[in-house]
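**Student:** This structure is in structure tokens; I'll ask about it shortly.
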Amino acid sequence: MPSDIPAGACDCHVHVFGPTSQYCFDPARTYTPAEAPLAQLDALHRGLGIARSVIVQPSPYGTDNRCLLDVLAQLGDAGRGVAVIDATTTDEALAAMHRAGVRGVRVNLETSGEHDPQVARRKLQQAAARVAPLGWHVQTYTNLATFAALADSLPDLPTTLVVDHFGRAQPHLGLAQVGLDRLLDAVAAGRVYVKLSAPYRISRVADYADAAPLARALVDANPDRMLWGSDWPHPGSAAGGPLSVDGITPFRQEDNHRALARCLEWAGSAERARRILVDNPARLYGF
């Protein structure tokens, strides 16, 4: 275990796939992943010094959360989940998910190509209304322009909002890019958490060096609202190639040790790193 990783560190954004023979994919999925079993994730986290995991329901499974729930049963107190639901999900199913360790629901706008602010707002509000009684948060994957259009309605959400992957801010546009100020303001006000995860989704520079100013601006805005996630096993569009439903879309090959080291660099101090890796996940996910 690396000596500079604080005890109780959490990887707040990972996925588990398979076995394919046991869990069916959504016919409406945009890609078909390979298998990525929990045993491989466990081995990675032991090597990184990560003690806790947040399993995020990946889009190929749609609203069938069985794989997620089975993984949480194996992880016990070291795991939490973020599920995907729809209008057919019952209150009884939500209660069962809560007992299993689910603490959030994901609204994936980016993968589905949903950029209409009115539609996005409605989806977020509907999801928040369903899970607010459980004390869950809503997690969304969307771009910066869509987030900026939604920013004024954030105080109306009855839940905390978590924004994936830097809010898809574009490093080459710098800190003055349109919409980034709205995200930074929401972070500073404590209204949203942001995942400093998957910089390869926004950068094409070696070692994702151009993402560093974005990460540091977000951390400076409010280190108590930052989370880190590896995005293991780096699925779907993260691979950088065409998505395939009929064939297997390969996972992106990433240096996960370097990814965690970048988080420590972005944090700027051991105290901030502890907040990002330990304290904030414990507060948000109830570890």
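**Student:** Hey, what do the phi angles of segment 258-273 turn into as Karplus ³J(HN,Hα) couplings, whole Hz, using 6.51/-1.76/1.60 and θ = phi - 60°, x for Gly and Pro?
**Tutor:** The phi angles translate into 5, 4, 5, 4, 4, 4, 4, 5, 5, 4, x, 7, 5, 5, 5, 4 Hz.
**Student:** Computed over the Cα atoms of the chain, what is the ratio Rg over Rh, Rh following Kirkwood?
**Tutor:** 0.93
**Student:** Using amide H atoms built 1.01 Å from N in the peptide plane, name the residues 5+ places from residue 36, or on other chains, whose amide H lies under 5 Å from its own.
**Tutor:** For residue 36, the qualifying residues are 17, 18.
**Student:** What residues qualify as long-range amide H neighbours of residue 162, i.e. H under 5 Å apart, gap of 5 or more or another chain, H built at 1.01 Å from N?
**Tutor:** Sorted by chain and number, the residues that satisfy this are 138, 139, 140, 193.
**Student:** Starting at the first residue of segment 62-73, write each ³J(HN,Hα) from the Karplus equation 6.51 cos²θ - 1.76 cosθ + 1.60 with θ = phi - 60°, in whole Hz, x for Gly and Pro.
**Tutor:** 3J(HN,Hα) across segment 62-73, in whole Hz: x, 9, 7, 8, 4, 4, 4, 5, 5, 5, 4, 4.
**Student:** Quick one: if you take sqrt(5λ) for each eigenvalue of the C-alpha gyration tensor of segment 1-155, what semi-axes come out, biggest first, whole angstrom?
**Tutor:** 26, 19, 17
**Student:** Find, to one decimal place in angstroms, the Kirkwood hydrodynamic radius of segment 152-287, where the mean of 1/r is taken over every pair of different Cα atoms and then inverted.
**Tutor:** 15.7 Å
**Student:** Take the chain, connect every pair of alpha-carbon atoms lying under 10 Å apart with a spring to form a Gaussian network, then pick out the residue of 64, 91, 164 with the largest mean-square fluctuation.
**Tutor:** 91
**Student:** Something else about it: At 222 nm, what helix-only mean residue ellipticity would the chain give, in deg cm²/dmol to the nearest 500, using -39500 (n - 2.57) for each DSSP H run of four or more?
**Tutor:** -9500 deg cm²/dmol
**Student:** HN-Hα J couplings of segment 188-205 from phi, Karplus 6.51/-1.76/1.60, θ = phi - 60°, integer Hz, Gly and Pro as x?
**Tutor:** After applying 6.51 cos²θ - 1.76 cosθ + 1.60, I find 4, 7, x, 7, 9, 9, 10, 8, 7, 9, 6, x, 5, 7, 10, 10, 10, 8 Hz.
Each value in this text was obtained by applying a stated rule to the coordinates, not by laboratory testing. All values reported here derive from a predicted model rather than from experimental measurement.
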